[in-house]
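J.: Next up is a structure, given as structure tokens.
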Amino acid sequence: MRSEKERKQRKMRKEIMVAVLVLFVVVSQMERVEPADPDCYDQCSTGCVQPDTRLMQRCDRKCQIKCGPDADPDFEVNIG
């Protein structure tokens, strides 16, 4: 025959195991969020700040080419 203390301890262990199991299931079902890729055009155009408007527009056009939808990620454009 078990004592009252043993029954309470056994019940407590069961409750803890159920809580851990539920927590494990919840955590395993969570979606993992990947960090967003930095915006290519924004980074490129930030480097285009020039006192000469014509040079700034030329640099901006290079950024559009570099970061456009058809851009090759390995292709480097000299924006300087």
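J.: For residues in segment 21-54 being more than 23 Å from PRO69 (Cα to Cα) and surrounded by 10 or more Cβ atoms within 10 Å (Cβ to Cβ), which is modelled with the lowest pLDDT?
T.: GLN50
J.: Being in contact (Cβ under 8 Å) with a residue 24 or more places away in the chain and assigned to a helix (DSSP H, G or I) is the requirement here; does LYS66 meet it?
T.: Criteria met by LYS66.
The values are calculated or read from the model by the stated rules, or taken from the named source; none is laboratory data. Remember, it's a predicted structure, so these values are computed and weren't measured experimentally. Don't worry about glycine lacking a Cβ; one is built from the backbone with ideal geometry, like all the others, and counts go over all protein chains shown.
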